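The values are calculated or read from the model by the stated rules, or taken from the named source; none is laboratory data. Model, not experiment: these values are computed from the prediction. Glycine also receives a Cβ, built like all others from the backbone with ideal geometry; neighbour counts cover every protein chain displayed. Accessible surface is based on the protein model in full, side chains and every heavy atom, while ligands, DNA and RNA are left aside. Shrake-Rupley method; radii C 1.70, N 1.55, O 1.52, S 1.80 Å.
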Amino acid sequence: MKRTRLKSPSEDDSSLRQSSVYREFLAERDEILKHKWLESEKAGHDIGYDRALMDWIMNHREKWRTAQRKAAK
């Protein structure tokens, strides 16, 4: 069986950056990082990425995605 080598982002940067899936991933990541900062400020300490991620997914992700879809129309 022949193995196909995956290209690194630097080798195929333009197609990666144009990918809607990748752009959505980056937008979600930015929102999670904002959420982490806000919740860490409230808690008075760094809550960590994993906790921020789970909280954002459970409490904010669906509403954010709905708003993103409406804005894209």
| Which number in (1) surrounded by fewer than 11 Cβ atoms within 10 Å (Cβ to Cβ); (2) among the β-branched types (Val, Ile, Thr); (3) at pLDDT 90 or above marks the one condition that THR4 misses? | (3)
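Within segment 12-36, restricting attention to residues that are open to solvent by 100 Å² or more (accessible area, probe 1.4 Å) and farther than 16 Å from MET54 by Cβ, which residue is modelled with the highest pLDDT?
Pass one, segment 12-36, residues open to solvent by 100 Å² or more (accessible area, probe 1.4 Å): 17-18, 21, 23, 25, 34.
With the extra rule that they be farther than 16 Å from MET54 by Cβ, the set shrinks to 17-18, 21, 23, 25.
Working: ARG17: 75, GLN18: 79, VAL21: 88, ARG23: 89, PHE25: 92.
Checking each candidate, the answer is PHE25.
Do you know which of the residues in segment 37-67 that are of a type in the set (S, T, N, Q) and surrounded by fewer than 15 Cβ atoms within 10 Å (Cβ to Cβ) is farthest from VAL21 (Cα to Cα)? Quick ask: steps written out before the conclusion?
First, pick out the residues of segment 37-67 that are of a type in the set (S, T, N, Q): 40, 59, 66.
Within this subset, residues satisfying the condition of being surrounded by fewer than 15 Cβ atoms within 10 Å (Cβ to Cβ) are 59, 66.
Numbers: ASN59: 22, THR66: 16 Å.
Once the filter is applied, the top-ranked residue is ASN59.
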